[in-house]
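Undergrad: Got a structure here, written out as structure tokens. Questions coming.
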Amino acid sequence: MSQTVIAIDGPAASGKGTVSKIISKKLRFNYLDTGKLYRAIGAKYLEGYQPIAAAKSLEGNDLDKYDLQKPEIAQAASEIASIPEVRAALLKFQRNFSQKLPGAVLDGRDIGTVVCPNAKIKIFLTASLEARAKRRYIELRKHDETINFQTILEQIKERDERDQTRRSSPMVAASDAKVFKYFKIINKRSSG
Ligand code: CDP
């Protein structure tokens, strides 16, 4: 029997992680931030590794080895994410994770479309570019005071465009996904 999967996709800094953590905690489901897999390969690529080889040999502790929040790693992640062989190398791990008991929440770009097309619930979470850049700016600023808002906004814009237009598993809402704007959800929560 297949396990219950909740797929949460959407563009950069839309709040996928925050929402996924709330849902997985509430349901006591496993949670996988698939962006971390691409970021870890991006970090290895910046170190000089060949991306396909890095994807094929990715290990759990690679995810702890780097500061994956760094904007340059996010940019590298989106570059290597357009390579079909990189995506293919990560597919089995993600699907196996999704089938572990008691159920799973996975967030990313292609969970509802490619990784778990049979997910029971599919959410596509989005928000304006400015709102997302502001969220990311506030997060990153806690660790690095030299971060510049305009640079973050430009990087997110570039990454979104690349993610939407790549040929292999582009970022798109699944036809059966519910599309939400993050800030509306927050308002609903706070108004009880
Ligand atoms: O946190 P944020 O939304 O900024 O990015 P992320 O989820 O950590 O993903 C980093 C990059 O990995 C994205 O810009 C995508 O290019 C890529 N990615 C992907 O292609 N497919 C996924 N399922 C997850 C991430």
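The values are calculated or read from the model by the stated rules, or taken from the named source; none is laboratory data. Remember, predicted model here, so these are calculated numbers, not experimental data. Cβ sites come from the backbone with ideal geometry, for glycine too, and all protein chains shown count toward neighbours. For the accessible areas, the whole protein counts, side chains as well, though only heavy atoms, and no ligand, DNA or RNA atoms are used. Shrake-Rupley method; radii C 1.70, N 1.55, O 1.52, S 1.80 Å.
Undergrad: Can you find a residue in the range 174-190 that is more than 30 Å from residue 3 (Cβ to Cβ), in a loop (DSSP other than H, G, I, E, B) and at pLDDT 95 or above? Let's see the steps before the verdict.
TA: So in the range 174-190, the residues more than 30 Å from residue 3 (Cβ to Cβ) come out as 183, 187, 190.
Keeping just the survivors that are in a loop (DSSP other than H, G, I, E, B) gives none.
No, the range 174-190 has no match at all.
Undergrad: A further question follows. Mind checking whether some residue in the range 67-76 is in contact (Cβ under 8 Å) with a residue 24 or more places away in the chain and closer than 24 Å to residue 173 by Cβ?
TA: Yes.
Undergrad: Test residue 42 against the criterion of being in contact with a helix residue (DSSP H, G or I) (Cβ under 6 Å, 6 or more places away or on another chain) and modelled with pLDDT under 95, and give yes or no.
TA: no
Undergrad: Next question, about the same structure. Which condition number in (1) surrounded by fewer than 18 Cβ atoms within 10 Å (Cβ to Cβ); (2) modelled with pLDDT of 95 or more; (3) more than 28 Å from residue 57 (Cα to Cα) is the one that residue 133 fails?
TA: (1)
Undergrad: Could you list, in sequence order, the residues of the range 69-100 that are outside any helix (DSSP H, G or I) and more than 25 Å from residue 5 (Cα to Cα)?
TA: Of everything in the range 69-100, those that are outside any helix (DSSP H, G or I) and more than 25 Å from residue 5 (Cα to Cα) turn out to be 69, 70, 83.
Undergrad: Restricting to the range 82-101, name every residue that is under 23 Å from residue 178 (Cβ atoms) and open to solvent by less than 50 Å² (accessible area, probe 1.4 Å).
TA: 94, 97, 98
Undergrad: Kindly indicate the residue of the range 102-121 that is open to solvent by 20 Å² or more (accessible area, probe 1.4 Å) and more than 11 Å from the ligand (Cβ to nearest atom) and also farthest from residue 159 (Cα to Cα) among those meeting that condition.
TA: Checked the range 102-121; the qualifying residue farthest from residue 159 (Cα to Cα) is 102.
Undergrad: May I pose another question? When you scan the range 6-51, how many residues do you find that are part of a helix (DSSP H, G or I) and not small (Gly, Ala, Ser)?
TA: The total comes to 18.
Undergrad: Restricting the search to the range 1-11, which residues are surrounded by fewer than 24 Cβ atoms within 10 Å (Cβ to Cβ) and under 23 Å from residue 169 (Cβ atoms)?
TA: Residues satisfying the conditions are 2, 3, 4, 11.
Undergrad: Filter the range 15-51 down to residues that are over 16 Å from the mean Cα position of the chain (by Cα) and within 15 Å of the ligand (Cβ to nearest atom) and give me whichever is surrounded by the most Cβ atoms within 10 Å (Cβ to Cβ).
TA: Restricting to residues being over 16 Å from the mean Cα position of the chain (by Cα) and within 15 Å of the ligand (Cβ to nearest atom), the top hit is 44.
Undergrad: Here's another thing I want to ask about it. Being touching a residue at least 40 places away in the same chain (Cβ under 8 Å), closer than 22 Å to residue 167 by Cβ and of a type in the set (Gly, Ala, Ser), is that true of even one residue in the range 101-121?
TA: Among the residues of the range 101-121, at least one is touching a residue at least 40 places away in the same chain (Cβ under 8 Å), closer than 22 Å to residue 167 by Cβ and of a type in the set (Gly, Ala, Ser), which makes the answer yes.
Undergrad: Is the range 59-69 home to any residue that is loosely packed, with under 14 Cβ neighbours inside 10 Å and among the polar types (S, T, N, Q)?
TA: Pass one, the range 59-69, residues loosely packed, with under 14 Cβ neighbours inside 10 Å: 59-61, 64-65, 67.
This time we only want the ones that are among the polar types (S, T, N, Q), so: 61.
Yes, there is a match, as at least one residue in the range 59-69 is loosely packed, with under 14 Cβ neighbours inside 10 Å and among the polar types (S, T, N, Q).
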